[in-house]
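Written below as structure tokens is the structure these notes are about.
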Amino acid sequence: MTVKNICCIGAGYVGGPTMAMIAKKCPDIQVNVVDINEQRIDAWNDPNVDQIPIYEPGLAQLVADCRGINLHFSINVNEAIEKADMIFISVNTPTKTYGIGKGMAADLKYIELCARQIASVATTDKIIVEKSTLPVRTAEALKKILHNTSNGVHFEILSNPEFLAEGTAVQDLLNPDRVLIGGDETETGKLAQQELVDIYANWVPKERILTTNVWSSELSKLTANAFLAQRVSSINSLSELCEVTEADVSEVAKAIGADSRIGSKFLNASVGFGGSCFQKDILNLVYISKSYGLNEVADYWEQVIIMNDHQKRRFAKKIVEELFNTVAGKKIALLGWAFKKDTNDTRESAAIYVADYLLNEQANVVVYDPKVTAAQIYSDLDYLGTRSSDDNKKLLQVVSDPMEAISDAHAVAILTEWDEFITIDWDQVQERMLKPAFLFDGRRILDSESMRTKGFEFYQIGRG
Ligand code: NAD
Ligand code: UDX
């Protein structure tokens with residue numbers, strides 16, 4: 001078989017950009033991205049390509065280049081499954097919110113539904129690719145479901161986890177450090193693996209395409225995220241120590257990172273890591289370790305989450321302490337709601353937790369983010385369930401101009417490192433705020449000396 005038709009189930013942050021890249025680099029392959037969320041599919045098909053549902057630098061152009069030619073977005077899942085030689089499953093795998101493993105294990109119901117749908121619809125042989133991040137040994141369950149069809153269709157299962165980071169998805173897909181493809185060590189397994197290698201080889205150098213067995217591939221994805229998150233928690237733990245010893249965490253990070261064995265990336269101290277992956281994948285790793293009775297392994301990784309929760313709380317508490325231990329009725333402007341810059345994704349963003357903490361203290365919170373909608377901000381808060389939706393709307397205001405957020409504010413807190421916050425007119429901000437004007441830099445994007453010179457009471461994560 002040479003793959004001519006691809007289906008991707010799940011038109012989200014991974015499915016959309018990865019399929020757009022495959023379509024761009026493989027003009028001979030028809031790519032159908034399908035989803036049950038009609039609104040999302042409509043947005044992917046919006047004639048104005050700037051209205052696609054995901055904000056990623058370079059993505060709109062990529063979609064514009066291929067949409068309607070060999071890249072299609074649709075809700076017709078069955079039709080796309082039937083036509084495909086290769087099916088990517090790229091649905092969400094959130095942390096379970098119910099039953100066994102609640103709060104820890106990955107919820108695999110969406111994956112299982114896809115497998116059952118494929119099993120019931122397919123009439124020709126297919127290669128199934130796990131694109132979602134899955135617990136090690138998920139392919140075993142998929143195999144059982146898929147092989148239980150009575151229509152004689154043969155399925156090969158591959159694991160091809162995605163390593164893109166949001167905000168840089170297009171660049172990461174264009175120039176990946178590696179592509180990982182796990183497959184069965186059987187003759188048909190190796191043939192299927194080669195089909196996927198051939199697709200990526202259209203633009204990725206061969207030496208960066210790694211092939212492994214399925215289990216190594218599944219486990220490598222979870223652990224890659226765990227290692228990255230661990231670095232952030234490590235540097236964040238040191239940020240607290242820096243603050244009490246007058247060390248500067250950036251200087252420490254530079255000194256540590258200059259050791260070529262350690263490396264300089266992922267050592268930026270922050271108000272805490274967010275995003276849809278790190279926390280979910282570590283919790284999953286902890287759960288898997290515990291389920292095999294490996295309690296020390298589980299405890300070791302859980303500490304990364306404990307540190308991250310502490311960092312978010314510590315930052316919010318610092319704001320209250322500095323503002324003379326009370327923020328009730330005080331206007332506090334939060335600059336940034338996305339979990340990092342250059343994305344409109346807010347999942348697990350530190351901003352949600354900082355805002356919730358301040359709202360509990362009855363602060364008057366005003367939020368500005370250049371890419372996140374007010375509806376999303378309220379939905380994030382409502383999802384926490386701390387207070388009613390009406391109360392969230394009463395207590396927190398969302399504005400579309402940063403100057404409106406800061407006018408007459410007692411304090412400003414930077415929660416996302418958007419470039420526009422670096423170049424904002426900080427003199428004007430200072431003038432418009434109530435005095436003393438408190439500025440809390442949770443992302444270390446501002447120069448502390450110059451902010452103090454401008455008259456701010458300035459606090460920066462990791463600087464004494
Ligand atoms: P997402 O929530 O943005 O998208 C998932 C989509 O799947 C949703 O639009 C949902 O409607 C759809 N879906 C769910 N069940 C379906 C079904 N039965 N049929 C059709 N569509 C269905 O999620 P995402 O961020 O794209 O993540 C997808 C997977 O990729 C997750 O396992 C995640 O861990 C992994 N991952 C995410 C990132 C990232 O940066 N977001 C990076 C690497 C890996
Ligand atoms: C992550 C992984 O990087 C990616 O490989 C995987 O496929 C999905 O999960 P993502 O969550 O999109 O990607 O963004 P990432 O750049 O990893 O940042 C995650 C969080 O850590 C963000 O909140 C970011 O601000 C924070 N972070 C990152 C830090 O606080 N300090 C750092 O040095 C790096």
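The values are calculated or read from the model by the stated rules, or taken from the named source; none is laboratory data. Remember, predicted model here, so these are calculated numbers, not experimental data. When we count neighbours, we look across all protein chains shown, and the Cβ atoms used for this are built from the backbone with ideal geometry, even at glycine. Surface areas here come from the heavy atoms of the whole protein model, side chains and all, with no ligands, DNA or RNA. Shrake-Rupley method; radii C 1.70, N 1.55, O 1.52, S 1.80 Å.
Data for the structure
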item	result
Unmet criterion (only one of (1) within 16 Å of ligand 2 (Cβ to nearest atom); (2) under 20 Å from PRO94 (Cα atoms)) for ASP342	(2)
Residue under evaluation THR188, criteria (1) under 17 Å from ILE87 (Cβ atoms); (2) within 16 Å of ligand 2 (Cβ to nearest atom), criterion not met	(2)
Set LYS371, LYS330: member being touching a residue at least 60 places away in the same chain (Cβ under 8 Å) and open to solvent by 50 Å² or more (accessible area, probe 1.4 Å)	LYS371
Count of residues meeting criterion [open to solvent by 40 Å² or more (accessible area, probe 1.4 Å), of a type outside the set (A, V, I, L, M, F, W, C), within 15 Å of ligand 2 (Cβ to nearest atom) and part of a loop (DSSP other than H, G, I, E, B)] in the stretch 124-179	4
Unique residue being out of contact with any Gly (no Cβ under 7 Å at 6 or more places or on another chain), closer than 19 Å to LYS454 by Cβ, of a type in the set (Asp, Glu) and touching a residue at least 40 places away in the same chain (Cβ under 8 Å) when the list is ASP419, ASP408	ASP408
Number of positions in the stretch 33-67 that are assigned to a helix (DSSP H, G or I) and closer than 22 Å to GLU130 by Cα	2
Search result, residues across the stretch 7-32 that are in a strand (DSSP E or B) and more than 16 Å from ligand 1 (Cβ to nearest atom)	GLN30
Residue list for the stretch 207-243, restricted to those being of a type in the set (Asp, Glu) and open to solvent by 60 Å² or more (accessible area, probe 1.4 Å)	GLU207, GLU240
Condition check for ALA351: of a type in the set (A, V, I, L, M), under 21 Å from ASP401 (Cβ atoms) and open to solvent by less than 60 Å² (accessible area, probe 1.4 Å)	yes
Test: residue in the stretch 298-314 that is of a type outside the set (Gly, Ala, Ser), more than 10 Å from ligand 2 (Cβ to nearest atom) and over 26 Å from the mean Cα position of the chain (by Cα)	no
Single residue of PHE273, PHE324, PHE266 found to be within 16 Å of ligand 1 (Cβ to nearest atom), assigned to a loop (DSSP other than H, G, I, E, B) and free of Cβ contacts under 8 Å to residues at least 40 places away in the same chain	PHE266
Segments classed as helices (runs of 4 or more DSSP H), wholly inside the stretch 383-464, with at least 2 members that are of a type in the set (Ser, Thr, Tyr)	448-453
Matching residues, the stretch 224-248, being of a type outside the set (S, T, N, Q) and more than 16 Å from ASN308 (Cα to Cα)	ALA224, CYS242, GLU243, VAL244, GLU246, ALA247, ASP248
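Condition check ((1) more than 16 Å from ligand 2 (Cβ to nearest atom); (2) farther than 23 Å from ASN344 by Cβ; (3) buried (at least 20 other Cβ atoms within 10 Å of the Cβ)) across all residues:
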residue: CYS8; (1), (2), (3): yes, no, yes
residue: MET21; (1), (2), (3): no, no, yes
residue: VAL31; (1), (2), (3): yes, yes, yes
residue: VAL49; (1), (2), (3): yes, no, no
residue: ILE52; (1), (2), (3): yes, no, yes
residue: GLN61; (1), (2), (3): yes, no, no
residue: GLY68; (1), (2), (3): yes, yes, no
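Let's see how each residue does on (1) out of contact with any Asp or Glu (no Cβ under 8 Å at 6 or more places or on another chain); (2) more than 16 Å from ligand 2 (Cβ to nearest atom):
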residue: THR416; (1), (2): no, no
residue: ASP419; (1), (2): yes, no
residue: THR423; (1), (2): yes, yes
residue: ARG432; (1), (2): no, yes
residue: PRO436; (1), (2): no, yes
residue: LEU439; (1), (2): no, yes
residue: GLU449; (1), (2): yes, yes
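For (1) touching a Lys or Arg at 6+ places or on another chain (Cβ under 9 Å); (2) aromatic (Phe, Trp, Tyr), each residue gets a yes or a no:
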site: ALA374; (1), (2): no, no
site: SER400; (1), (2): no, no
site: ALA409; (1), (2): yes, no
site: GLU417; (1), (2): yes, no
site: TRP426; (1), (2): yes, yes
